[in-house]
Amino acid sequence: MRIQFEPEGFQPPRGGLILLQCIVAGLFFLFVVRFWYLQIHRGEEFARMARENRLRQERIYASRGLLRDREGRLLAENRPAFGLALVREDCRDIPSTLAQVSEWTGIPLDQLTAKFNQDRLRVKPFEHLLLISDMPFDLLARIENRVLQWPGLEIVTRSKRNYPQGELMAHILGYVAEANEKELEDDKDLNLGDFVGKQGLELVLERRLRGQKGLHQLEVDVLGRQLNKKLVQEPQSGENIDLSIDLGLQQVAWDALEDETGCVVAMDPDTGRLLALVTKPSFDNNAFAAGLSLKEWQALRDNPRHPLQNRVIQSVYPPGSVWKLMMAGMLLNEGVNPTDSVWCTGEVALGKQVFRCWKKGGHGRVDMMRSLIESCDVYYYQMSDRFGIDKIEAFAKACGFGAPTGIDLPHEKSGLVPSKQWKRRRFGEPWHRGETLNVSIGQGFTLVTPVQVASFVSALMNGGKLLKPSLLVDEDPTVRSSLPFTAAGRKMILDGMRQTVNDDRGTAKVLRRADAVMGGKTGTAQVTKLKMVGEERVRTENLAYEHRDHAWIATWGEKAGKRLVVVVMVEHGGHGGSDAGPVARRVYDKFFGSPPGAAPLAPAGQSAPAAPATPGAVSPGQPVQPVQPVQSVQSVQPGQPGQSVPQVQPAPVSRSAIPVPPPARPDQAVGAPEQPEQQDRQDEGLRTVPAGRSARPAGRDRATGRGAEAPEVEDAREGQHRYDPDTFDPDAATTDGRGGDDGVAPPLRRFQDVAPEDGQ
């Protein structure tokens with residue numbers, strides 16, 4: 001082998017060495033820059049991320065506040081619920097895990113996958129993503145033995161709302177359900193999987209009931225196993241709230257309705273607190289808290305009796321003869337002498353229309369007190385024709401009708417007090433004279449809610465204060481406005497209600513009892529056009545259920561300083577005295593105790609003995625002097641009491657001694673108005689129809705055919721007058737539902753389909 005030697009003094013090329021040195025220096029510089037970037041520039045951020053890999057935060061859910069009745073009995077409580085959650089960071093195979101959960105629970109895989117994909121955007125990888133919120137115990141036992149074989153799956157414990165009374169309190173309490181997307185966006189304190197109030201007091205009192213979440217800090221190893229747990233923030237339970245509802249009285253009212261569809265309101269007239277608020281039929285709010293299937297929701301939504309509807313505040317009805325309490329007050333304020341009388345033959349005619357009284361053959365001579373006791377329609381036909389719809393509208397609105405009461409429940413309706421402007425805006429037509437007669441007896445377009453009637457009757461008793469109905473036992477009374485009644489006028493109306501109970505011819509005799517002072521006013525509100533066979537009306541029991549009249553009774557009672565107002569409305573019940581009256585009687589028997597025996601009958605035209613009255617309150621047991629006539633008629637402004645005017649003392653009149661002569665002329669009503677006819681009125685004038693005269697039925701009001709002729713109702717559900725006047729479109733064309741010569745039927749609507757969480 002030949003060895004070659006480099007010549008002495010040989011120097012290798014320096015370019016390669018310099019290149020190598022540059023490469024080494026560049027790499028060193030890059031490492032230095034990278035270390036600076038990682039440890040200095042972003043050092044705190046990466047340190048935080050490292051700590052989060054070791055430390056995790058876990059929310060502690062606060063217990064929701066309890067709801068109790070006035071005696072401390074539980075109405076809404078919390079129970080433990082076991083759910084199944086997935087931690088994505090610890091799960092190696094999410095599709096297989098979801099498939100296993102589907103196999104365990106029977107929930108379709110596509111449904112679980114859809115929930116996972118929807119919720120993953122709102123939940124961090126190391127937080128619980130709730131797949132099932134409440135598992136039955138047998139399912140929990142099966143899963144608990146296998147869940148350790150599936151990393152990422154964990155059983156979590158949370159509280160679940162429970163309602164011991166179920167449907168008895170459902171419309172008051174409402175229910176809770178999982179927060180939807182809109183609620184999560186609107187409230188930053190909510191997290192995915194939180195439960196919030198959806199209806200009733202659960203919705204209204206959500207902030208007070210929810211409480212505040214706590215926080216745990218967990219230390220885990222690289223495999224996610226928990227090493228340590230530390231309480232960072234203690235949870236705060238929601239506020240416990242006592243309601244004014246008396247559970248015992250609520251149960252009695254519920255049982256008294258039996259299988260009827262309707263509602264009951266029991267109110268303390270001096271404070272506005274509600275002791276009972278029953279709507280029947282109802283629904284089980286526990287089913288909503290647990291989650292309804294689509295089939296269950298559709299069954300509730302499509303039920304023809306509408307169990308989701310809170311009839312006390314969300315259903316509006318013609319008030320029938322209960323409206324005469326307000327009408328009598330208006331007449332007194334307008335200067336009508338209560339001893340002035342009209343002659344009732346059972347019918348009055350307006351042009352070609354005949355307006356009937358409920359009593360065939362009439363009541364004879366009728367003054368204001370007798371019109372209340374026997375509920376004579378002809379008296380109010382003639383008196384309303386004298387004053388017109390404008391004064392009725394103003395006075396009714398001043399009495400709280402046509403506006404919400406402000407009760408702490410969602411979706412309250414305002415009812416409707418019709419007027420000339422309203423009809424022209426809604427239908428593009430003028431007001432007709434016969435429509436005023438309809439309104440005077442609580443028919444036609446007039447619509448009220450049962451809670452409005454209860455508030456009005458309470459104001460008659462408490463000195464004229466229209467109170468906000470309250471469901472909370474510690475809430476101070478809130479006065480919304482004052483009745484435009486004089487003190488004497490209120491006392492006279494209360495005296496009329498008392499005699500309606502105690503008089504032999506009174507329509508509320510069912511309430512009579514010897515140990516308490518009772519007052520009442522019955523009403524029967526017509527639903528559809530009268531069904532006639534020749535000259536006779538078809539009896540209620542022979543009509544289809546949906547064509548039967550609604551039954552009303554508005555009452556008050558006082559015993560040993562205890563006072564209560566009870567209003568009952570029975571849909572398609574028939575008659576106020578015979579159908580709604582016994583329901584109110586059972587409520588009073590619970591509140592006052594069972595009466596010692598049958599109450600003695602008071603002589604006609606006299607009052608029952610008065611019980612001791614609450615200091616400072618209106619005493620309905622005191623005798624009342626008639627309101628004196630005024631020299632001029634003054635208009636009533638809404639929300640203002642009647643003005644005092646010069647009075648003339650009339651000679652004492654004994655109602656029982658008033659003779660009953662026939663009218664001067666068969667075609668002229670006693671007390672007819674002496675004023676020029678308005679342009680939109682008929683020229684013939686209002687006149688009494690002689691007894692025995694044949695006339696076609698023309699009623700919108702009671703079972704006997706009173707009022708102007710109403711159109712046939714094609715759909716029974718639409719005939720219940722439960723439309724919402726707040727949703728009227730004033731410009732909408734109305735081509736259906738018109739009939740009769742004196743006007744049109746009120747616009748009606750069907751119940752609309754709503755989402756389960758809306759609960760309407």
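The values are calculated or read from the model by the stated rules, or taken from the named source; none is laboratory data. Note that the structure is predicted; figures quoted are calculated from it, not measured. For neighbour counting, all protein chains shown are included, and Cβ atoms are generated from backbone atoms with ideal geometry for every residue, glycine included. Accessible surface areas use protein heavy atoms only, side chains included; no ligands, DNA or RNA. Shrake-Rupley method; radii C 1.70, N 1.55, O 1.52, S 1.80 Å.
Quick grid of which residues meet (1) assigned to a loop (DSSP other than H, G, I, E, B); (2) surrounded by fewer than 19 Cβ atoms within 10 Å (Cβ to Cβ); (3) touching a Lys or Arg at 6+ places or on another chain (Cβ under 9 Å):
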site: Pro80; (1), (2), (3): no, yes, yes
site: Ala85; (1), (2), (3): no, no, no
site: Gln118; (1), (2), (3): no, yes, no
site: Arg142; (1), (2), (3): no, yes, no
site: Arg161; (1), (2), (3): no, no, yes
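Filtering the range 473-532 to residues that are over 13 Å from Leu372 (Cα atoms), assigned to a loop (DSSP other than H, G, I, E, B) and polar (S, T, N, Q) leaves Thr478, Thr486, Gln526, Thr528. Of the listed requirements (1) small (Gly, Ala, Ser); (2) more than 30 Å from Glu144 (Cα to Cα); (3) in the same structural domain as Arg122 (by TED's automatic domain parsing), Gly26 misses just one: (3). Scanning the range 199-219 for residues that are over 22 Å from Ser470 (Cβ atoms) and either part of a loop (DSSP other than H, G, I, E, B) or open to solvent by 10 Å² or more (accessible area, probe 1.4 Å) (or both) gives Gly211, Gln212, Lys213, Leu215, His216, Gln217, Leu218, Glu219. Taking the range 441-460 as the range and being at pLDDT below 95 and either charged (D, E, K, R) or over 19 Å from the mean Cα position of the chain (by Cα) (or both) as the test, the residues that pass are Ile441, Gly442, Gln443, Gly444, Phe445. In the range 330-343, is there at least one residue being part of a strand (DSSP E or B), in contact (Cβ under 8 Å) with a residue 12 or more places away in the chain and in contact with a Lys or Arg (Cβ under 9 Å, 6 or more places away or on another chain)? Scanning the range 330-343 turns up at least one residue that is part of a strand (DSSP E or B), in contact (Cβ under 8 Å) with a residue 12 or more places away in the chain and in contact with a Lys or Arg (Cβ under 9 Å, 6 or more places away or on another chain).
Ser102 falls short of the stated requirement of being in contact with a strand residue (DSSP E or B) (Cβ under 6 Å, 6 or more places away or on another chain) and hydroxyl-bearing (Ser, Thr, Tyr).
A quick yes/no check of all residues on (1) open to solvent by 70 Å² or more (accessible area, probe 1.4 Å); (2) modelled with pLDDT under 85; (3) on the phi > 0 side of the Ramachandran plot:
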site	(1), (2), (3)
Gln57	yes, yes, no
Tyr61	yes, yes, no
Arg70	yes, no, no
Arg73	yes, no, no
Glu77	no, no, no
Ser96	no, no, no
Gly106	no, yes, yes
Lys115	no, yes, no
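Kindly indicate which of Ser315, Ser293, Ser244 is hydroxyl-bearing (Ser, Thr, Tyr) and open to solvent by 10 Å² or more (accessible area, probe 1.4 Å). Unique residue meeting the criteria: Ser293. Please go through the range 290-317 and give me each residue that is under 14 Å from Pro404 (Cα atoms) and among the aliphatic types (A, V, I, L, M), ordered by number. Of everything in the range 290-317, those that are under 14 Å from Pro404 (Cα atoms) and among the aliphatic types (A, V, I, L, M) turn out to be Val312, Ile313, Val316. Here Ser321 meets each of (1) on the phi > 0 side of the Ramachandran plot; (2) in a helix (DSSP H, G or I) with one exception, condition (1). Applying the criterion of at least 2 residues that are open to solvent by less than 10 Å² (accessible area, probe 1.4 Å) to the helices (runs of 4 or more DSSP H) found wholly in the range 349-447 leaves 368-373, 377-387, 389-398, 433-440.
Would you check if there is a residue in the range 287-310 being within 27 Å of Val566 (Cα to Cα), in contact with a strand residue (DSSP E or B) (Cβ under 6 Å, 6 or more places away or on another chain), outside the structural domain of Gly193 (by TED's automatic domain parsing) and in contact (Cβ under 8 Å) with a residue 60 or more places away in the chain? Within the range 287-310, one or more residues are within 27 Å of Val566 (Cα to Cα), in contact with a strand residue (DSSP E or B) (Cβ under 6 Å, 6 or more places away or on another chain), outside the structural domain of Gly193 (by TED's automatic domain parsing) and in contact (Cβ under 8 Å) with a residue 60 or more places away in the chain.
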